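**Q** Okay, here's the structure, questions in a sec.
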Amino acid sequence: MKRMKRRFKRIKIHKEGRNIILLLLLFLCVLNVLIYTQFDKPLAVLNLCVSVVAFSFFLYFFRNPTRVVEIDDPSLVIAPADGTIVVIEPTDELEYFGEKRLQVSIFMSVFSVHANWYPINGIVKMAKHHSGRHLAAYLPKSSSENERSTIVIESEGKTEILMRQIAGALARRIVTYAHAGRHCHVNEHVGFIKFGSRVDLFLPLDTEIFVEIGDKTTGNETILARLNED
């Protein structure tokens, strides 16, 4: 009923981070050469250690684990992001539905994988970017006031859900690949959020929820809910 098969897992660097990492590597190489030739050895060694730590963090942040899953129930909603469940509650969703929906929110720290996956198979009905503030992503008002992208997906059973990528206090760019009319699949990336952020899902009120506040999620692996499409 809730069976999900995981085929394999492989780590690589996400395309959104490749240019950043190359520029950082170039900058650190030049910086270390200058310090090595101009200053005493202890300072050069310290700078090298700091450079290795900084470069390692960016490699870790832009990691892109390959997660391919098979599900036997198309009504299942899969976690679109790594992180922690911070909200499960009925909420007025006024941007698209204009009515109450069941909100499920995942907070992503700077240590989370920041690639986002489609939570269901279906068709993208709307994709829209909004400029906004950069409040801490765990605050409730960040969902409506922060920079964000809204994606509405119609499931194979004709149920519409809304996914919202939200920038946090450190995030300065949301990348969204979705566009209206696109056929989407849970094994595809919907986008990427650079640095701390959050993803909200707005589901029908009769959706069956399988997670609780405080639970950890793994993007494209954790089963969040089942849509009532009987």
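The values are calculated or read from the model by the stated rules, or taken from the named source; none is laboratory data. Source: prediction; values computed, not measured. As a convention, Cβ positions derive from the backbone with ideal geometry for all residues, glycine included, and neighbour counts pool all protein chains shown.
**Q** Read through the list (1) crowded, with 18+ Cβ neighbours inside 10 Å; (2) at pLDDT 90 or above, then give the number of the only condition that Arg67 fails.
**A** (2)
**Q** Quickly run through segment 180-216 and pick out the residues that are over 21 Å from Gly122 (Cα atoms), part of a strand (DSSP E or B) and not charged (D, E, K, R).
**A** The answer is Ile193, Ser197.
**Q** Has segment 45-61 got any residue that is touching a helix residue (DSSP H, G or I) at 6+ places or on another chain (Cβ under 8 Å), surrounded by 15 or more Cβ atoms within 10 Å (Cβ to Cβ) and within 27 Å of Lys128 (Cβ to Cβ)?
**A** yes
Okay, residues lined up against (1) at pLDDT below 90; (2) outside the structural domain of Gln165 (by TED's automatic domain parsing); (3) in a helix (DSSP H, G or I); (4) over 24 Å from Leu203 (Cα atoms):
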position: Phe27; (1), (2), (3), (4): no, yes, yes, yes
position: Tyr36; (1), (2), (3), (4): yes, yes, yes, yes
position: Ser56; (1), (2), (3), (4): yes, yes, yes, yes
position: Thr84; (1), (2), (3), (4): no, no, no, no
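**Q** Something else: So, of the residues in segment 110-153 that are at pLDDT 90 or above and part of a loop (DSSP other than H, G, I, E, B), which turns out to be surrounded by the most Cβ atoms within 10 Å (Cβ to Cβ)?
**A** So the residue we want is Pro119.
**Q** Based on this model, can you work out whether Asn32 counts as out of contact with any Phe, Trp or Tyr (no Cβ under 9 Å at 6 or more places or on another chain), modelled with pLDDT of 85 or more and within 24 Å of Met108 (Cα to Cα)?
**A** Against the criterion (out of contact with any Phe, Trp or Tyr (no Cβ under 9 Å at 6 or more places or on another chain), modelled with pLDDT of 85 or more and within 24 Å of Met108 (Cα to Cα)), Asn32 does not qualify.
**Q** When both residues are 6+ apart or on different chains and their Cβ atoms are under 7 Å apart, which pairs have a first residue that lies in segment 103-122 and is without any contact (Cβ under 8 Å) to a residue 60 or more places away in the chain and small (Gly, Ala, Ser), and a second that is assigned to a strand (DSSP E or B) and surrounded by 24 or more Cβ atoms within 10 Å (Cβ to Cβ)?
**A** These pairs meet every condition: Ser112/Gly83.
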